[in-house]
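The values are calculated or read from the model by the stated rules, or taken from the named source; none is laboratory data. Since the structure is predicted, the reported quantities are computational estimates derived from the model, not experimental observations. Every residue, glycine among them, receives a Cβ derived from its backbone with ideal geometry; neighbour counts consider all protein chains shown. Ligands, DNA and RNA are stripped out before the accessible areas are found, and what is left, the full protein with its side chains, is counted by its heavy atoms. Shrake-Rupley method; radii C 1.70, N 1.55, O 1.52, S 1.80 Å.
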Amino acid sequence: MGKAKKRGDFPMYLVYADEKGNVYDHPGLFAVARNGDILTEILEEELIPLPEGSTLVSLPDTEPIGMDPDTGEMVKLDGCTAVGALVPQGITRLLLPGYVKTNKESKLPLFGYSAVVWKDNRFWVTGRASDDIYKWDPLNFPMDELRQRVAKTLETFPQNRILNHLSHCALEYECLTASNNFFNRWEGSLPVSYTCNAGCYGCISEQPDDSGFPSPQTRMNFKPTEDELVEVMLHHLKTPESIISFGQGCEGEPSTMASIIVPAMRRVRETTDMGFININTNAGLTDHIKGIVDAGLDLMRVSIISAIDEHYNAYYRPRNYTLENVARSAEYAASKGVYTSINYLCFPGVFDREEEMEAMIEFIRRTGIKLIQLRNLNIDPESYLAMIPKAQGEVFGMKQAIEIYQQELPDVVIGSFTHIPPDQLQRRKNMA
């Protein structure tokens, strides 16, 4: 199978699973990983201890690849299954697990798989802590208390279909954003749209029947009323740090519902200045985004995977909009004082390509983006790599690529979550 790209000499052992899903470390083979489709050794500086809240999973229809430490040759472990780690939000994946597929037609479920190794008698993953995970630590969402709060909230708002929908997201999917609606704190969800102007290849809430990807979530199936939106917003926007967010994993594109979002926002802001109104959006419907911005939007996060048209279009499959529309929407929002960020879907071996970085840095400078939210792309690696353009220049590696972003964009925050500008937060606190 050849040799991996040479990068270091550290005793990191292969982790694999047997046919029953039991996980083992190999006594003689070193771990290797993938950066895109390139097998590579792992640098010690790319490892962090397996974070709390992580899950080790076997990758179906795969076999793990390790390295013979004496010869440097790649060895496929027959009859076993590769193992990856699903890391919590706030941890940016740096490398993919090292494996080959035993069934080329098989597609991995829509999760973000990180390489995992055994070293110094514990598990490690190739990752980087990109943000403070306190508000997104599952330990801060005790299920017993959540159930009680859900029941109380639904009793208070028995006719609100949005809150009923979010109760399913919180209790069944354990969605932390939805859970915040019932804890009355931090960033809460406000799904509003069952339609979308994009056909994202990795959409987690709606896939064509022949896609081969089972959707891990169910999209909302009703159009809420303006009154329902106002009710959810006023229920949540009670503290300076509270955020209510349109655009969730269980819906389509929220700006398609601008006709009810705009009047609902105006009614809420006539009642209270507390908290922040955010939209997570593909920003393709520029006129709709302008209306939402003008209604009093505070924060906007633009979902993006590339600032190169061919790559962007291959993944998002936009309907009647272009990447230029996205840029114009972001520019307009920033010009009106909205704190704008990008939800940057990251994939090792693609995010760190020279041409991708150059295009994205130019996009961020043009649009005035203030925050990069690094998010691991949940996708089957082989399917994704087959559909996008091939690398044209140097591939730097995730760690070095992030460092380049920090150098080139010193005034842009790099994190993983929605942030509140400190000056605006202080203003809200002064009003409280």
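With each label point set 7 Å from Cα along the Cα-Cβ vector, what nm distance links E174 and E105?
3.4
Among the lysines, select those whose C-alpha is under 20 Å from the C-alpha of K429, and discard any that sit fewer than 8 residues away in the same chain.
Of all the lysines, those that pass the test against K429 - Cα under 20 Å, at least 8 places apart if same chain - are K135, K238.
Can you compute the equivalent ellipsoid semi-axes for the range 294-432, i.e. the square root of 5 times each eigenvalue of the Cα gyration tensor, sorted largest first and rounded to whole Å? It would help to have the intermediate numbers written out before the result.
Working: eigenvalues 158, 60, 35 Å².
Value: 28, 17, 13 Å, ordered largest first.
When only Cα pairs under 8 Å and 6 or more residues apart are kept, what is the percent relative contact order across the range 225-286?
48
Please state the charge dipole magnitude for the range 33-91, taken about the Cα centre, from unit charges on C-beta atoms (+1 on K and R, -1 on D and E), reported in debye and rounded to the nearest 20. Walk me through the intermediate numbers first.
On the way: 2 positive and 12 negative charges, 55 e Å.
Roughly 260 debye for the range 33-91.
Nearest 10 degrees is fine. How inclined is helix 323-335 to the longest principal axis of the chain, computing both from alpha carbons?
50
Which value, in Å², gives the accessible area per residue of the range 13-129 when a 1.4 Å probe is used on the protein heavy atoms?
Numbers: 4910 Å² over 117 residues.
Dividing the accessible area of the range 13-129 by its residue count gives 42 Å².
Calculate the FRET efficiency for R319 and N221 from the Cβ-Cβ distance with a Förster distance of 25 Å, rounded to the nearest 0.05. Could you put the intermediate results ahead of the total?
Values: r = 20 Å, r/R0 = 0.79.
According to the calculation, E is roughly 0.80.
Beyond a 22 Å Cα-Cα separation, which of these cross-linked pairs lie in this structure: K119/K390; K107/K390; K107/K223; K223/K370? Don't jump to the answer; show the numbers that get you there.
Values: K119/K390 34 Å; K107/K390 20 Å; K107/K223 33 Å; K223/K370 32 Å.
Among K119/K390; K107/K390; K107/K223; K223/K370, the Cα-Cα distance tops 22 Å for K119/K390; K107/K223; K223/K370.
Determine ³J(HN,Hα), in whole Hz, for all residues of the range 421-427 in sequence, where each value follows from phi through the Karplus function 6.51 cos²θ - 1.76 cosθ + 1.60 and θ = phi - 60°; x replaces Gly and Pro.
x, x, 5, 6, 5, 4, 4
Within the chain, what whole-number % of the accessible surface is contributed by carbon and sulfur, with the 1.4 Å probe and all protein chains included in the calculation?
Numbers: 8600 of 18280 Å².
The nonpolar share, carbon plus sulfur, comes to 47 percent.
Convert 20 °C to kelvin, take the viscosity as 1.002 mPa s, use the Kirkwood radius over C-alpha pairs of the range 50-186 as Rh, and evaluate the Stokes-Einstein diffusion coefficient in µm²/s, rounded to a whole number. Working shown, then result.
Working: Rh = 17.7 Å.
Diffusion coefficient, whole number: 121 µm²/s.
For E73, project a label point 7 Å along Cα to C-beta. Then give me every residue of the range 27-50 with its amide nitrogen under 20 Å of that point.
Hits in the range 27-50 for E73 at 20 Å: 27-33, 39-41.
Dipole of the range 44-153 (Lys/Arg Cβ +1, Asp/Glu Cβ -1, origin at the Cα centre): which of N121, T153, S54 lies farthest to the positive side?
It is T153.
Cysteines of the chain lacking any other cysteine beta carbon under 4.7 Å?
Taking the Cβ cut-off of 4.7 Å, the unpaired cysteines of the chain are C80, C196, C250, C346.
Based on Cβ point charges of +1 for Lys and Arg and -1 for Asp and Glu, what charge dipole magnitude is obtained for the chain about its Cα centre, in debye rounded to the nearest 20?
Numbers: 42 positive and 59 negative charges, 222 e Å.
Rounded to the nearest 20 debye, it is 1060 debye.
Can you tell me the accessible area per residue over the range 277-381, all protein chains present, probe 1.4 angstrom, in square angstrom?
Values: 3260 Å² over 105 residues.
Per-residue accessible area for the range 277-381 comes out at 31 Å².
Considering only protein heavy atoms, what is the solvent-accessible area of S242 at a probe of 1.4 Å, reported in Å² to the nearest 10?
Using a 1.4 Å probe on the heavy atoms, I get roughly 0 Å².
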